[in-house]
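Here, each number is a calculation from the coordinates, and none is a lab measurement. Just so you know, these numbers come straight off a predicted model, no measurement behind them. With ideal geometry, Cβ positions are generated from the backbone for all residues, glycine too; neighbour counts draw on all protein chains shown.
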Amino acid sequence: MSCKNFRQESLNDTLELTVDIIGTNETCDESENLIAQIIVKNNTHKPESFWILKCLWEKSFKSSNDSIKFRLRECNGNFPISIKLNPNDSICFYGILENRLSRVITMDPSFQFQIGLVKLSEEYLMMHEIPTDPEITKKRRTIWSNPIKLDHSNFGYKINIKTNQ
């Protein structure tokens with residue numbers, strides 16, 4: 001699977017986390033789901049690894065805004081796996097973020113949030129805990145993404161009119 005390059009990037013010690021909101025939809029309760037593409041790239045000259053859960057990989061990520069959280073799916077056979085990235089390799093994740101903020105707040109040009117990859121151990125993931133306790137996540141290294149701004153004008157449709165030249 002290949003992923004396109006993005007303009008906004010966040011450089012962290014070894015891994016780079018880039019997030020792009022590629023779509024949205026509203027739910028019955030008037031909240032908003034954001035479809036996110038998350039790319040983790042190894043920027044070093046040596047292999048780098050991190051742990052995730054096989055099908056609930058979202059548990060290894062968090063949002064800088066408590067009102068924006070990953071939607072978790074039901075799954076069978078969930079267990080920790082190690083993701084190893086060779087130099088310049090990347091992996092793409094596609095997930096749904098539940099946005100519990102009003103559109104008025106998210107349409108404010110100053111509104112932004114980030115997604116973080118929390119470096120969790122295999123033992124921690126075996127407990128199937130979501131790292132929401134601030135004391136736990138403070139002790140764990142988190143790699144933060146680029147700042148994410150919601151451009152609601154991109155979430156509708158646009159008619160392209162061909163002009164004669």
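Structural remarks
- Cβ-based net charge around Ile83, under 11 Å, with every Lys or Arg adding one and every Asp or Glu removing one: 0
- Gain on full stretching of the segment that runs from Glu74 to Asp89 - 0.36 nm per residue minus C-alpha separation: 2.5 nm
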